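> Just dropping this structure here.
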Amino acid sequence: MIAVELRKLLRSRRTWATILLVDALPTLVGVLLAVTDLGPRPGEGPAFLSAVLTDGTLFPLAALAIVLPLFLPIAVAITAGEAVAGEAAAGTLRYVLVRPVSRLRFLVAKLASVLVFVVLTVLVVAVTAYVLGVLLLGDQSVTTAGTTSVSGSSLSTPELVGRTFLALGYAILCMLGVATIALFLSTCVASPLGAALGTMAVFVGSALLLTLDASDAVRDYLPTRYWLAFVDLFRDPILWRDLQAGVLLQVAYVAVFFAAAWANFATKDVAD
Amino acid sequence: MRPRTVWAMTPRSRWSVVAGVVLAVVAVPLAPRLLPVGDTDVTAAVLLDAVRGSADVGHSGYVETRGAVQLPVGDDLGDVGELLAGTTRLRVWWQDEDAWRVDRLLVAGEKDLVHDGPVTVAYDYEDAKAVVTEDPAIRLPRASDLLPPVLGRAVLEDAADTDVRRLGPRRVAGVDAPGLRYTPPAGRSTVDHVDVWVEPGSGLPLRVEVWDAGADDPAGPDVVSTFDDVEVARPADDRVGFPASRGVEVERADTLDVADAAGRYAPFVLPRRLAGFARRTEGEVAAATFGSGVSRFLAVPLRSREADPLRRQLRAAPGVVTGDYRTVARSGVLTVLLTGADRDPGAAWLVAGTLSPDTLEDVARALLVLPYVDQR
């Protein structure tokens, strides 16, 4: 079942078009930075972007910070929102369910397929940004002496690579949280667009609430609360506090919304 | 062969599983908060003594401060406005008063202070720059002043045993911390009371709340500084140093901030007492702090190019009072007064502190009659 879903995902032109669109923004930013040599002012712009003019190896992280707040979750919401509602809208859901496969396995396969989409997207963005960063950005004499951590100390290349992969893994987990919310909504509505828009409403609402002092009591439970905590991996020593909270929060969202998706889908009377 | 019983899940049982998952997810973070907090029979006076003796207690941890002091002050006053008005996240490694490091955590960077004897390094990640300065006689408040131990010792500086009483314990950063309430004698301070919760073994303040009104004020405290993680042990030497990467530009500066520059070079010498408050800053200086405990203020002469924009910003503050010779604004425990008017050629005095507007006006009147000193 998972293999079938993965083949569908990888053969879909829409999958690759979405990945290219997500990758386009950081690529454009990288080219513009290289051409103009104008970085954002301190305190403005995404994390690490002000540093990439000195150290191009940080550009994968800057690219992650560019796509993580909006582009990547939108792509994930559209892909995961399609999972069940897309089949229903196309009228294929009841034929899929005729196969001797439990609805739980069907949902697991759909989630696994979205997870592969997230991993592919994050890797394409990171690899493109690394190539761009090394070729066009940064000062090699500084880079070869070690990357500067956020706390001012030096990070060796193995440390930088290890922490970058941890950051990518963390971002993937955060997107898995988005995917399960979209998957749940996809079991509730017949329109994939409705599921995707509903998911976007959740994380846009969460991002808005995070800016309000009045929402202090609930902020630690909002889904986007710890998305940018991957920056803490590049402090010296690593600040694990928000990362741990972020992992637990995303695991909680995945558990609750996947359980809700299963309960709703298993109960659903499928007519489409 | 006995027939196998197949248990089919009903919609209700499926949603019960979901409810169980939700309950488990909610219970995990809430469960520790339900455990009772242990108390000790330590007296308020003993706790007060312990706090005063905690300056060299080694510790490290994570601190959050929240301020409700909303005053529009610009970049010339450093990070003062940001520190007092919002949430600040800090990491601290403290060996003793001479050797410590405080990292102010920003979403996309850090602003760090590394203190070693008479020297402080101020590092900013996004500027990729570290500035080294000798500790000046006078400076503006900075992030390290808001750490619970530093703030706690400062506000309890002149508390008498009769002014403090025990509060119930509170779990702070996992520590069952006995509490202390200091209510200063009614006077000229804007501080109504201060609540401090203390690590019982070391006397280290773990949480400090500064209130400008009674404890039943729905607005809550004006300033809160609290550890969320703490380890009471001397941190290693490499944690309180600054091993700068080659990518960091390190420069030495003669002056730290506008208060330091004014204190050294402005054409005034401040008296040893001003409006009844003793000067804390030593030497012949033009800028200084006065007073003690919760009744203290800073007096700094500013040039018109610094004073004029600040005056315009202060005028935007709610409840601001402007007059012939001064602009006064108060937010919570902090009062700020700036003398003079726009485009005055002479110096304007900035007076800011935890004193009532009337008291700062007395101070301003005394400052305005200070003579110019030609040779400094």
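> Can you give me the Cα centroid spacing of the stretch B:249-283 and the stretch B:163-202 in angstrom?
32
> Under the Kirkwood approximation applied to all pairs of distinct alpha-carbon atoms, what is the hydrodynamic radius of the stretch A:168-233 in Å?
Hydrodynamic radius (Kirkwood, Cα pairs) of the stretch A:168-233 is 12.9 Å.
> Tell me, what does the Kirkwood hydrodynamic radius of the stretch B:137-237 come to in angstroms if you use every pair of distinct C-alpha atoms?
Every distinct Cα pair counted, the radius reaches 14.4 Å.
> Mind checking the dipole of the stretch B:200-326: about its Cα centre, +1 per Lys or Arg Cβ, -1 per Asp or Glu Cβ, Debye to the nearest 20?
Numbers: 17 positive and 20 negative charges, 146 e Å.
For the stretch B:200-326, the charge dipole is close to 700 debye.
> Taking the Cα centre of each part, how many Å lie between the stretch A:196-233 and the stretch B:23-97?
24
> What percentage of all Cα-Cα pairs in the protein assembly as shown are separated by more than 40 Å?
Of all Cα-Cα distances in the protein assembly as shown, 42 percent exceed 40 Å.
> Could you list which residues have their amide H under 5 Å from that of A:S154, counting only those 5 or more apart in sequence or on another chain, with H placed in the peptide plane?
A:S149, B:S245
> Quick one: Cα convex hull volume of the stretch B:44-239, Å³ per residue?
So the per-residue Cα hull volume is 135 Å³.
> Check which residues have an amide H placed less than 5 Å from B:H193's amide H, if you skip close sequence neighbours.
Sorted by chain and number, the residues that satisfy this are B:W211, B:A213.
> Okay, next question. Quick check for me: using +1 on Lys/Arg Cβ and -1 on Asp/Glu Cβ, what's the dipole size of the stretch B:28-166 about its Cα centre, in debye to the nearest 20? Before the final figure, lay out each step's value.
Details: 14 positive and 26 negative charges, 123 e Å.
I would put it at about 600 debye.
> Along its three principal axes, how long is the stretch B:258-368 when you only count alpha carbons? Whole Å, largest extent first please.
Ordered largest first, the stretch B:258-368 gives principal extents of 35, 30, 20 Å.
> Which aspartates and glutamates have a Cα lying under 15 Å from the Cα of A:K268, excluding residues fewer than 8 positions away in the same chain?
Once the sequence-local aspartates and glutamates are set aside, what remains near A:K268 is A:E87.
> Going Cα to Cα from B:K129, which lysines come in below 26 Å? Please leave out same-chain ones fewer than 8 positions away.
B:K111
> What is the dipole size for the protein assembly as shown, taken about its Cα centre, with +1 at each Lys and Arg Cβ and -1 at each Asp and Glu Cβ, in debye to the nearest 20?
3200
> Shifting gears a bit: Expressed as a whole percent, how much of the Cα-Cα distance distribution for chain B exceeds 39 Å?
Value for chain B: 24 percent of Cα pairs lie more than 39 Å apart.
> May I pose another question? Give the cross-link partners of A:K8 among the lysines, using a straight C-alpha distance below 22 Å as the criterion and excluding same-chain residues fewer than 8 apart.
Candidates past the 8-residue exclusion: A:K110.
> Over the Cα atoms of the stretch B:337-376, Rg to Rh with Kirkwood Rh, two decimal places?
Numbers: Rg = 11.5 Å, Rh = 11.3 Å.
Here the Rg-to-Rh quotient is 1.01.
> Moving on. Please arrange B:M9, A:M200, A:M175, A:M1 by counting, for each residue, the other beta carbons lying within 10 Å of its beta carbon, fewest first.
Going from sparsest to densest Cβ surroundings: B:M9, A:M1, A:M200, A:M175.
> At q = 0.13, 0.16 Å⁻¹, what is the base-10 log of I(q)/I(0) for chain A according to the Debye formula with one equal point scatterer per Cα and no solvent? Please give it to two decimals.
Log10 I(q)/I(0), no solvent term: -0.87, -1.19.
> How high is the relative contact order of the stretch A:2-267, in percent, counting Cα pairs under 8 Å that sit 6 or more residues apart?
25 percent.
> With point charges of +1 on the Cβ of Lys and Arg and -1 on the Cβ of Asp and Glu, referenced to the Cα centre of the protein assembly as shown, which listed residue (B:A364, A:G81, A:V122) lies farthest in the positive direction of the dipole?
The one lying farthest along the dipole's positive direction is A:G81.
Bear in mind these aren't lab numbers, they're just calculated from the coordinates by the rules spelled out. What you see is a predicted model, and the numbers here were worked out from it, not measured in a lab. When we count neighbours, we look across all protein chains shown, and the Cβ atoms used for this are built from the backbone with ideal geometry, even at glycine.
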